[in-house]
1. Work out from phi, with θ = phi - 60° and the Karplus expression 6.51 cos²θ - 1.76 cosθ + 1.60, the ³J(HN,Hα) of each residue of region 160-169, listed in order in whole Hz, and give x for Gly and Pro.
2. Out of Thr139, Thr231, Thr26, any idea which swings most in a Gaussian network model of the chain, alpha carbons joined below 10 Å?
3. What 222 nm value per residue comes from the helices of the chain, counting each DSSP H run with n ≥ 4 as -39,500 (n - 2.57) and dividing by all residues, nearest 500 deg cm²/dmol?
4. Spelling out what I want: for every residue of region 173-186, take phi, set θ = phi - 60°, compute 6.51 cos²θ - 1.76 cosθ + 1.60 (Karplus), and round to whole Hz; glycine and proline get x.
5. Starting at the first residue of region 106-116, write each ³J(HN,Hα) from the Karplus equation 6.51 cos²θ - 1.76 cosθ + 1.60 with θ = phi - 60°, in whole Hz, x for Gly and Pro.
6. Report the relative contact order of the chain, percent, no decimals, based on alpha-carbon pairs under 8 angstrom and at least 6 residues apart.
7. How big is the gap, in Å, between the Cα center of region 1-45 and the Cα center of region 105-163?
8. With labels modelled as points extended 7 Å from the Cα through the Cβ direction, what inter-label distance (nm, one decimal) is found for Thr166 paired with Leu105?
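None of the figures in this text is laboratory data; all of them are computed from the coordinates on show. If you're wondering where the values come from, they're calculated on a predicted model, not measured in any experiment. Cβ sites come from the backbone with ideal geometry, for glycine too, and all protein chains shown count toward neighbours.
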Amino acid sequence: MSAMTVAVLVEHRDGQVAGPTLENLTLARSLGRPVAVWIGEEPADDAVASLGAHGAEEVRWVELGGTARLPKVRSAALAAATTDTRIVLLTSTFLNKELAALLALATGAGVVVDASGARIVDGRVETEQTVFAATWNVTTRIVAEDAIVALRPNTTQAVALDAPATAVLEKVAFEAPETPESLVHVDPVERGEGVPLSEARVVVSGGRGTNGDYTLVRDLAEVLGGAVGATRDATDEGWISHEHMVGQTGTTVTPALYVGCGISGAVHHRGGMQASGTIVAVNLDPDAPIFEIADLGIVGDLNDVLPQAIERLREHKGA
Ligand SMILES: Cc1cc2nc3c(=O)[nH]c(=O)nc-3n(C[C@H](O)[C@H](O)[C@H](O)COP(=O)(O)OP(=O)(O)OC[C@H]3O[C@@H](n4cnc5c(N)ncnc54)[C@H](O)[C@@H]3O)c2cc1C
């Protein structure tokens, strides 16, 4: 099974390959022979080179315009590009979870979403997941021969090959199927600055304890090269937009480092961040529930603690 072909669906924005795809290619190298599947307009040379540098031997390109947004069309495109692959890896996004289900339905493959890792055991794919607000770790063996796994961002470190191969770009013959829906109009929401919250390796979040002033939270996020998160109470107050909300009804994040500032650690918030690598919490109240899951807890006023942290980090970076 070691030489089997493993397809990785490429996430791309403005022609650039997104970080989680490079993480999935790195993981794919440990499972078999990685190939990348690019759905959309023709990829630029630097995108193909970046995929090759992370292990893709081929980049299979399915040309699709706006209809690529329709899950039925997109899953058919993915199926067309993966007829010879036993394993398909995707990034766990809302759209991709639907794709994974549609592809599994069409091919009879086993499917796991929101995985944090995958390996081959006795010729079958085994995955790791954290579930129920990261209170349980679950190992799943896919008994079907074919496997589709959607992986959370930041669960594998992207590592380029020492001697990168040149990926070959190949166009896949594809005719989009008839669909019961048609796309009338697409108006993309303007993306916020920086790394998207769900993909960030560092997230600095502020809660009600910020009292509405996110300057220190933003400054700390900036010096750490991270994204800014928030609790629902903070977004409901209108202190920061809803796209920053972390938690059960917000975005689930799995960064290497999560810093929670002035956040009590309610179960609804924890459900969206508890699987983070290292958790740091700053809170005035020594009994705040967030300290139960923090690797480093600082009891103090964020208005005292954060400026010191920002200053030390800036010194350290020589800024
Ligand atoms: C169905 C449902 C879904 C929900 N989904 C979500 C969700 O997805 N995400 C989410 O976040 N919430 C969600 N909530 C809300 C959640 O239950 C909590 O109400 C919310 O997370 C609390 O936000 P908070 O920690 O900012 O506020 P609080 O609970 O009020 O905590 C503020 C904390 O700040 C500390 N503090 C105050 N001042 C300072 C200071 N100067 N320095 C340091 N610390 C300070 C306090 O000690 C306190 O611990 C949901 C609720 C429901 C019912």
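1. 6, 5, 4, 10, x, 7, 8, 6, 9, 8
2. Of Thr139, Thr231, Thr26, the Gaussian network model singles out Thr139 as fluctuating most.
3. Details: 8 runs with 79 residues, N = 319.
After summing the helix terms and dividing by the residues of the chain, the value is -7000 deg cm²/dmol.
4. My calculation for region 173-186 gives 5, 8, 10, 4, x, 5, 10, x, 10, 10, 8, 8, 7, 10 Hz in order.
5. So the Karplus estimates, Gly and Pro as x, are 6, 10, x, 6, x, 9, 10, 10, 6, 6, 10 Hz.
6. Numbers: 702 pairs, mean separation 45.7, N = 319.
Relative contact order here is 14 percent.
7. 15
8. Spacing of the two 7 Å Cα→Cβ label points: 4.2 nm.
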